[in-house]
Amino acid sequence: MDDLKQELKENIVEQLNLEDIAVEDIDDNDMLFGDGLGLDSIDALELIVMLDKNYGIKLTDPKEGRAIFESIDVMAKYIFENRTK
Amino acid sequence: MNSKYHITSFCNIKNNTVSLNGSVIYNDENNDFLEFIKAAYKSFETDYAKFFKMDALSKLAFLAADVLLKNEDLNQEEENNIAIVFSNKASSIDTDRKHQKSIQDKEDYFPSPAVFVYTLPNICIGEISIKYKLFSENSFFIFDAFNAQHLFDYTNSLLATDKTEKVLCGWVELDGDHYEAFLYLVTKKGLTTHNKQNILKLYNT
């Protein structure tokens with residue numbers, strides 16, 4: 001699980017172009033949206049694509065992402081339980 | 001034809017150089033556009049994390065506008081009555097190609113929303129408007145080449161009809177390795193008369 005969390009942090013920083021944020025600065029329980037990393041609605045869509053592309057998880061309702069993308073910890077657990085690749 | 005308006009400042013970005021009012025304010029030897037524009041952005045100490053998420057055309061337009069508008073002492077907490085009139089030849093072709101590449105292969109079909117949102121040239125106007133709270137008129141024209149006459153006429157019309165107090169206008173072109181930005185600010189006061197001859201002179205600076 002720790003490897004998955006690290007992988008998620010690296011992918012988020014790289015794919016969402018978070019130039020001013022280092023992987024090691026992201027805590028497993030940091031809020032990804034709002035006051036945490038400050039991700040926006042386009043980032044949420046990018047995360048949905050990332051779930052599909054990297055882990056074979058298709059979210060048909062973008063609203064599902066609201067709960068899944070709460071933090072790295074929550075996201076990693078969801079991926080661990082639902083991944084198809 | 002002369003007008004009663006004036007060009008108060010202008011910015012050129014081309015050939016690895018950023019110039020403000022004809023003076024070089026940043027230069028490096030990096031031939032890669034994205035590396036160059038990132039280094040230039042960092043050198044100006046503009047704290048705006050969204051810059052890194054923009055496509056190449058928006059980065060070019062944003063930086064040129066930022067260099068100009070920083071000089072204007074605008075109140076960034078209030079709405080600023082500045083219209084934007086931009087133009088180019090390549091539209092958003094650079095980002096269009098990236099998007100096309102991501103949907104080319106049906107077996108590897110993962111279009112990026114963050115790329116797709118930039119598949120229109122006028123999105124760069126939105127980026128500038130958000131940063132500087134500009135809610136006034138804006139237009140983006142596509143021409144075969146820099147069209148000083150059209151920019152002159154359109155800008156005069158906006159000012160003459162009191163649609164705006166100032167106009168940020170010019171040319172932001174990006175296609176592959178080729179990039180060029182020339183933006184200038186037209187107002188009711190200033191030293192350089194706003195006319196076609198002066199626009200062309202500053203464009204060729």
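Once C-alpha pairs closer than 8 Å and six or more residues apart are averaged by separation and normalised to the residue number of the range B:6-203, the relative contact order reads 32 percent. Dividing the summed helix terms, -39500 (n - 2.57) for each DSSP H run of n ≥ 4, by the number of residues in chain B produces a 222 nm estimate of -10500 deg cm²/dmol to the nearest 500.
The magnitude of the dipole of the protein assembly as shown, with charges of +1 and -1 set on the Cβ of Lys/Arg and Asp/Glu and taken from the Cα centre, is near 1520 debye.
Inverting the pair-averaged 1/r between distinct Cα atoms of the range B:13-128 gives 15.8 Å as its Kirkwood hydrodynamic radius. Once the other residues with Cβ under 12 Å from the Cβ of B:Asp175 are scored (Lys, Arg +1; Asp, Glu -1), what is the net sum? Net local charge, B:Asp175 excluded: -3.
With both labels modelled 7 Å from their Cα along Cα-to-Cβ, the B:Phe141 to B:Ser157 distance reads 0.8 nm. Heavy-atom accessible surface of the range B:1-134, averaged per residue, reaches 48 Å², computed with a 1.4 Å probe. The lysines within cross-link reach of B:Lys101, meaning a Cα-to-Cα straight distance under 22 Å and a gap of 8 or more places when in the same chain, are A:Lys53, A:Lys58, B:Lys53, B:Lys59, B:Lys89.
The Cα atoms of chain A cover 31, 27, 19 Å along the three principal axes, with the biggest extent listed first. Note on A:Glu7 and B:His150: their simple-model spin labels are 5.0 nm apart, each label 7 Å out from Cα toward Cβ.
Each Lys or Arg adds one and each Asp or Glu takes one away; over the other residues whose Cβ falls under 11 Å from the Cβ of A:Glu24, this sums to -2.
Take every DSSP beta bridge whose two residues both sit in chain B, then give the antiparallel share in percent to the nearest 5. Approximately 70 percent, going by the DSSP bridge assignments.
With +1 on the Cβ of every Lys and Arg and -1 on the Cβ of every Asp and Glu, and nothing else charged, how large is the dipole of chain A about its Cα centre, in debye rounded to the nearest 20?
On the way: 9 positive and 22 negative charges, 130 e Å.
Value, rounded to 20: 620 debye.
Just so you know, the Rg over Rh for chain B is 0.97, from Cα atoms, with Rh as the Kirkwood radius.
If one computes P(r) from the Cα atoms of the protein assembly as shown, what percent of pairs lie at distances over 32 Å? Everything past 32 Å amounts to 34 percent.
Based on C-alpha pairs under 8 angstrom that are at least 6 apart in sequence, the range B:101-175 has a relative contact order of 17 percent.
Along its three principal directions, the equivalent ellipsoid of the range B:134-201 from the Cα gyration tensor extends over semi-axes of 22, 14, 11 Å, largest first. Between chain B and chain A, the total buried accessible area stands at approximately 1100 Å², from heavy atoms with a 1.4 Å probe. Look at where the Cα atoms of the range B:1-75 and of the range A:1-26 average out, and the two centres are 30 Å apart.
How many Cβ atoms of partner chains, on average, are near each residue of B:49-57 if near means within 10 Å of its Cβ?
On the way: counts 6, 3, 3, 5, 8, 1, 0, 0, 0.
Mean partner shielding for this stretch: 3.
Each stretch of four or more DSSP H residues adds -39500 (n - 2.57); spread over every residue of chain A, this sum gives -16000 deg cm²/dmol at 222 nm.
Cα-Cα over 23 Å: which of B:Lys70/B:Lys166; B:Lys133/B:Lys188; B:Lys131/B:Lys196? It would help to have the intermediate numbers written out before the result.
Working: B:Lys70/B:Lys166 15 Å; B:Lys133/B:Lys188 21 Å; B:Lys131/B:Lys196 29 Å.
Flagged as over cut-off: B:Lys131/B:Lys196.
The values are calculated or read from the model by the stated rules, or taken from the named source; none is laboratory data. Because the structure is predicted, anything quoted here is derived from the model rather than measured. With ideal geometry, Cβ positions are generated from the backbone for all residues, glycine too; neighbour counts draw on all protein chains shown. Heavy atoms of the whole protein, side chains included, go into the accessibility calculation; ligands, DNA and RNA do not. Shrake-Rupley method; radii C 1.70, N 1.55, O 1.52, S 1.80 Å.
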